[in-house]
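The values are calculated or read from the model by the stated rules, or taken from the named source; none is laboratory data. Values in this document were obtained by computation on a predicted structure and should not be read as measured data. As a convention, Cβ positions derive from the backbone with ideal geometry for all residues, glycine included, and neighbour counts pool all protein chains shown. Areas reflect the complete protein model, heavy atoms only, side chains present, ligands, DNA and RNA absent. Shrake-Rupley method; radii C 1.70, N 1.55, O 1.52, S 1.80 Å.
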Amino acid sequence: MLKNGERIDDLNLNGLKIIQHEDKFKFGMDAVLLSNFVYTKRGDKIIDLGCGTGIIPILIAGKSRDTHITGVEIQGDVANIALRNVEINNFTDRIEIINDDIRNIVDKLGIEKYDIVTTNPPYMPHKTGFDKSNESENISRYEINGGLQDFVKVASKLLKFGGKFFMVHRVDRLVDIVYNLRICNLEPKKIRFVHPYVEEKPNLVLVEAKKGAKSGVVIMKPLYIYNREGKYTDELLSIYGKTTIEEE
C-alpha cells in the first residue's frame, strides 16, 4: 500500500488514518478547523474543491452520517494518495475522488447538484513570494491552477439554491473573499477569525456563505489556537477530539 517516501498518520478520530508523502504538501490545522466548521444533515451531497490527499472529505465522513462526498484534486499523484486514503478508511461507498482541474468540474458534474461545497484553496496569488522548488507544494500554496475567484465561481455553480459554501483562507484576503462571494450570489452568513494567540491579530478566517440568501452576517467569537501559557486552548483541543459535526 505505501510507496517510497510515504507514511501513515493517525487522525485520532474514530480510528481514521491518512497517507502522506514527505515531498508533497501535507495537511495543516486549517483543514481540521474547516472540517469542524462544516455542519451537515443526513443525505447531503458534498464536494471539496482542491481536496489534496483527501483530508477534508475523510474528516467530514468520519464526523457525519449518510453523506456522500466528492473530492476534486488536479495533481494526479496526490489524487492517487487520496484514493488510497479513501480505501484504507473504508469510505469507498461514501467518498469519490476525481482527478481534474476544478475549473472543468462543472461541465463534468453539472450545475446545482450539491448541498455543500468546501474548500481550503491555495492562499497565495501566483508568484507572490514564489520561492519553493517543490512543484507539488507550489501548486498547493499558490494560485497556479485557478485563483480565489475561480473557486468561488465554481462553488456557486455547483450549489443548489440555499446550499452552503464553507471556506478557510488567509485573513488578508477577506475583502477579496466577500467581493467574489457577493458577485457569485453567495451571501456571507458566518465569519470566524482564527488567532494564533489571544493578544495577536488573526491570520486565518473561516467563512460560511449561502447561495441566494438575504444579506446579514454573524461575526462569531474568535478562535484562539494558543493560550497565554503557549499551550493549545481548550476549544482547539475539543475540536481535535470532536466526533460529530451533525446538525441537531
Q. Got a sec? Which of ILE105, ILE74, ILE60 is open to solvent by 20 Å² or more (accessible area, probe 1.4 Å), touching a residue at least 24 places away in the same chain (Cβ under 8 Å) and among the β-branched types (Val, Ile, Thr)?
A. ILE74
Q) For the range 110-130, does any single residue satisfy the condition of being part of a strand (DSSP E or B), over 27 Å from ASP10 (Cα atoms) and at pLDDT 95 or above? A) yes
Q: List every residue pair whose Cβ atoms lie under 6 Å apart, where the two residues are 6 or more positions apart in sequence or sit on different chains, the first residue falls within the range 24-46 and is closer than 10 Å to THR67 by Cβ and open to solvent by 50 Å² or more (accessible area, probe 1.4 Å), and the second residue, located anywhere, is assigned to a helix (DSSP H, G or I) and modelled with pLDDT under 95.
A: none
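Given the residues ASN85, ASN120, which is the only one that is in contact with a Ser or Thr (Cβ under 8 Å, 6 or more places away or on another chain), open to solvent by less than 40 Å² (accessible area, probe 1.4 Å) and among the polar types (S, T, N, Q)? Talk me through it step by step, then tell me what you get.
Numbers: ASN120 fails: in contact with a Ser or Thr (Cβ under 8 Å, 6 or more places away or on another chain).
Within the list ASN85, ASN120, the selection yields ASN85.
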Q. Somewhere in the range 10-32, is a residue within 21 Å of LEU159 (Cβ to Cβ) and under 11 Å from the mean Cα position of the chain (by Cα)?
A. yes
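Looking only at the range 172-226, which residues are in a helix (DSSP H, G or I) and open to solvent by 80 Å² or more (accessible area, probe 1.4 Å)? Talk me through it step by step, then tell me what you get.
Taking the range 172-226 first, the residues in a helix (DSSP H, G or I) are 172-183.
Result: ASP172, VAL175, TYR179, ARG182, ILE183.
Looking at the structure I just gave you, is GLY52 open to solvent by less than 30 Å² (accessible area, probe 1.4 Å), in contact with a Gly (Cβ under 9 Å, 6 or more places away or on another chain) and not in a loop (DSSP other than H, G, I, E, B)?
The answer is no for GLY52.
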